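Asker: Shown below is the structure under consideration.
The values are calculated or read from the model by the stated rules, or taken from the named source; none is laboratory data. This is a predicted model, so every value here is computed, not measured. Cβ placement follows ideal geometry from the backbone for every residue including glycine, while neighbour counts extend to all protein chains displayed. Quick note on the areas: whole protein, heavy atoms, side chains included, nothing else; ligands and nucleic acids left out. Shrake-Rupley method; radii C 1.70, N 1.55, O 1.52, S 1.80 Å.
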Amino acid sequence: MSRALELVQNYKKISETVAQTCLKYGKTSVNVLAVSKYKPASDIKLLYDSELHLHHFGENYVQELVEKSQELPKDIKWHFIGSLQGNKVKELATKVENLYSVEAIDSQSKLKKLNNYRNNLDKVRIYLQINTSEEAQKSGIIYSNKELVLETINFIKNECDNLIFTGLMTIGSIELSKSSGENIDFKRLEEIKQWLEDTQGIKPVELSMGMSSDYEEAIRQGTNTIRIGTNIFGARRLKDGN
Ligand SMILES: *Cc1c(COP(=O)(O)O)cnc(C)c1O
């Protein structure tokens, strides 16, 4: 089978499962973001050129994204979903002109930098990363610190003209993603969304949660976007693990 056909079939298969899962749980629709980290630019181009005309792709590493974005069509909408180091913000903001969203940011200083470097460029959608599993190695605002979440959202809304607050994202613990039943990480993210919408008047708050191993549960628990790598592109090399 050609690589193009394989990728298209994988994407169609997951889209079908997503549609069925939405039906099953009474959800309207869920976005599937294709996560292409470690995969060649040619894979992205095949999906872009296919009957699916995919335009949205997620990447985790600034250097890799810069290279791919320079090689690939300029109307691709790039989502940066990796953890963003302060010293990489400038490169991301200025070299990836068609940057569509940043999904894993958690501090006002990085937001401020990103905002400044996007002057005269298209606005970037922001998903705040929330650390729902309280794992020390994970970034994100700790889920129990709702006031800081609110403060950070207000900072984006009031002081970052080039950014658009869009929602919340979590990665969650690997163990939970492998077990069945209600996922506590997803529940915690959903609870913050409800709190923001119902008591703070911040709405809509979109959710980005769920990956190849746990997206059905994420859909049941109310996500708007799932981020799928392995199920579309196949296994990645082991080094990175996520
Ligand atoms: C790699 C990655 C994904 C995709 O993971 P799969 O399990 O391959 O679907 C989603 N979100 C983030 C933040 C990632 O780093």
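Asker: Using the basic label-point model (7 angstrom from Cα toward the beta carbon), what is the ARG237 to LYS110 distance in nanometres?
Answerer: Roughly 2.4 nm, to one decimal.
Asker: So what J values fall out for the range 102-117 if you push phi through Karplus, 6.51 cos²θ - 1.76 cosθ + 1.60 with θ = phi - 60°, rounded to Hz, Gly and Pro as x?
Answerer: 10, 10, 9, 10, 9, 10, 5, 5, 5, 4, 5, 4, 4, 4, 5, 6
Asker: In sequence order, what are the phi-derived ³J(HN,Hα) couplings for the range 75-82 according to the Karplus relation 6.51 cos²θ - 1.76 cosθ + 1.60 with θ = phi - 60°, rounded to whole Hz, with x for glycine and proline?
Answerer: Those phi angles translate into 9, 6, 9, 8, 10, 8, 10, x Hz.
Asker: Please give the contour-minus-distance gain from TRP195 to GLN70: 0.36 nm per residue of separation, less the Cα-Cα distance, rounded to one decimal in nm.
Answerer: Value of the extension gain: 41.0 nm.
Asker: If amide H atoms are built 1.01 Å from N in the plane of the peptide, which residues on other chains or at least 5 residues away come under 5 Å of the amide H of LYS77?
Answerer: HIS56, PHE57
Asker: Same structure again: Whole-Hz ³J(HN,Hα) for each residue in the range 213-226, computed from phi via Karplus 6.51 cos²θ - 1.76 cosθ + 1.60 with θ = phi - 60°, x for glycine and proline: what do you get?
Answerer: Coupling constants for the range 213-226: 8, 9, 6, 5, 5, 4, 5, 4, 8, x, 6, 9, 9, 10 Hz.
Asker: In addition: Can you pull out the GluC sites (Glu not before Pro) in the range 101-136 whose DSSP state is coil and whose Cβ has at most 16 other Cβ atoms within 10 Å? Display every interim value, and only then the final one.
Answerer: Numbers: sites: GLU103, GLU134, GLU135; in loops: GLU134, GLU135.
Counting only loop positions with at most 16 other Cβ atoms within 10 Å, the GluC sites (Glu not before Pro) in the range 101-136 are GLU134, GLU135.
Asker: Treating only the Cβ atoms of Lys and Arg (+1) and Asp and Glu (-1) as charged, compute the dipole magnitude of the chain about its Cα centre; round to the nearest 20 debye.
Answerer: Numbers: 33 positive and 33 negative charges, 84 e Å.
Using Cβ point charges on Lys, Arg, Asp and Glu, the chain gives about 400 debye.
Asker: Would you work out what percent of the accessible area of the chain, with all protein chains in place, is carbon or sulfur (probe 1.4 Å)?
Answerer: The computed percentage sits at 47.
Asker: Give the residue from MET1, VAL30, ASN145 lying farthest towards the positive end of the charge dipole for the chain; charges sit on Cβ (+1 for Lys and Arg, -1 for Asp and Glu) and the dipole is referred to the Cα centre.
Answerer: Among MET1, VAL30, ASN145, the one farthest towards the positive end of the dipole of the chain is MET1.
Asker: Give, in nm to one decimal, the length gained when the segment between MET1 and ASN162 is fully stretched (0.36 nm per residue of separation minus the Cα-Cα distance). List each step's numbers first, then the result.
Answerer: Details: separation 161, 0.36 × 161 = 57.96 nm, distance 4.39 nm.
Additional length available on full extension: 53.6 nm.
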